[in-house]
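Structure record follows, encoded as structure tokens.
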Amino acid sequence: MQYLVEPLHSSYISRYPIQDLFSFPITPFVKVCQFERGEFIFKEGSYPEYLYYLVEGKAKLYVTHENGKVSLISFLQAPTFMGEIELLNEERISKAIQTVTKVTCLAIPIHTCKEKLLTDATFLKHLCIFLSKKATTISAKYTENQAYPLINRLAAFILDSADHHFYKEKHTEVCEYLGVSYRHLLHVFAQLSAENIIKKQARGYLIKDQNRLQQLAKEG
């Protein structure tokens, strides 16, 4: 992670007016930071130092079980808060957040701003709306996993997790996330490849027909 300094700092603050979410002057406290692809924003079991507001890029949320099995929970895309539950509950980060692409965040130091945050009606209103939408999205994803063909759900998944037209998620984690067998997943990947929508590479798949993939995702 690196913190951006002037003039880039001011440029991002102007481009993403986070002040609108608060009733007190938040910008003097905000740091602009960037994470490279594959970096951890939060590690499992860590204490959050910042409330992050993701403004550019994508990340994934997952948990590692006691038996070592990793379960992918969801993908996070801008704009979204990260660390909000821990801010409210005063607990460790129980799940990991790792970047899928290069990510830019506006970071608010919890130690400095916590009392202001938890007594700011404007911020808490926005946070309630955000959490409500988040819960609705998770419910919708679960319903989709039960109702739509795998090819449509996989198309949406590839788009969510790709970085610059390249996809490289682990098949085992994807099987669990989508609720399908390994054999069925490979069959659909082969189907997408045969239709020249994606192309197998050494470490993943190259998206060759973005429009067709988006069409399949919308059909699901």
Expressed as a whole-number percentage, the relative contact order of the chain with C-alpha contacts under 8 angstrom and at least six residues apart is 20 percent
Connecting every pair of Cα atoms under 10 Å apart in the chain and solving the GNM, the largest mean-square fluctuation among 169, 195, 144 falls on 195
The chain, Gaussian network, Cα under 10 Å: of 184, 126, 65, the residue fluctuating most is 65
Counting only protein heavy atoms and leaving out ligands, DNA and RNA, the solvent-accessible surface of residue 46 at a 1.4 Å probe, in Å² to the nearest 10, equals 30 Å²
In whole angstrom, the spacing between the Cα centers of segment 41-71 and segment 100-140 equals 15 Å
Straight-line reach check, residue 58, cutoff 18 Å on alpha carbons, 8 or more apart in-chain or any other chain, hits among aspartates and glutamates -> 36, 39, 84, 160, 163, 169, 173
Partner lysines whose C-alpha sits under 19 Å from that of residue 69, ignoring same-chain residues fewer than 8 away, are 43, 60, 95, 168, 170
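What does the convex hull of the Cα atoms of segment 1-108 come to per residue, in Å³, rounded to a whole number? Walk me through the numbers before you get to the answer.
Values: hull volume 10.7 nm³, N = 108.
Hull volume over Cα atoms, normalised by residue count, gives 99 Å³.
Could you tell me the convex hull volume per residue, in Å³, taken over the Cα atoms of the chain?
Dividing the Cα hull volume of the chain by its residues yields 140 Å³.
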Within segment 192-206, the residues whose backbone N lies under 11 Å from a label point placed 7 Å from the Cα of residue 166 along the Cα-to-Cβ direction are 201-206
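How would 160, 20, 120 rank on accessible area, largest to smallest, probe 1.4 Å?
Working: 160 40, 20 105, 120 5 Å².
So, going from the largest accessible area down, we get 20, 160, 120.
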About its Cα centre, segment 1-128 carries a charge dipole, from +1 on Lys and Arg Cβ atoms and -1 on Asp and Glu Cβ atoms, whose size in debye to the nearest 20 is 320 debye
Computed over segment 158-220, the relative contact order (Cα-Cα under 8 Å, seq sep at least six) in percent reads 33 percent
Expected field for residue 15, accessible surface area in Å² at 1.4 Å probe radius, rounded to 10, holds 120 Å²
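Explain nothing, just the number: dipole magnitude of segment 164-220 about its Cα centre with +1 on each Lys and Arg Cβ and -1 on each Asp and Glu Cβ, in debye rounded to the nearest 20. Working shown, then result.
On the way: 9 positive and 6 negative charges, 48 e Å.
Computed charge dipole of segment 164-220: roughly 240 debye.
Quick check: from the Cα gyration tensor, does segment 167-220 come out rounded (a/c under 1.5), prolate or oblate?
oblate
The values are calculated or read from the model by the stated rules, or taken from the named source; none is laboratory data. Worth saying up front: this structure is predicted, and the values here are computed from it rather than measured. Please note: Cβ atoms are built from the backbone with ideal geometry, for glycine as well, and neighbour counts cover all protein chains shown. Ligands, DNA and RNA are excluded from the accessible area calculation, which covers all protein heavy atoms including side chains. Shrake-Rupley method; radii C 1.70, N 1.55, O 1.52, S 1.80 Å.
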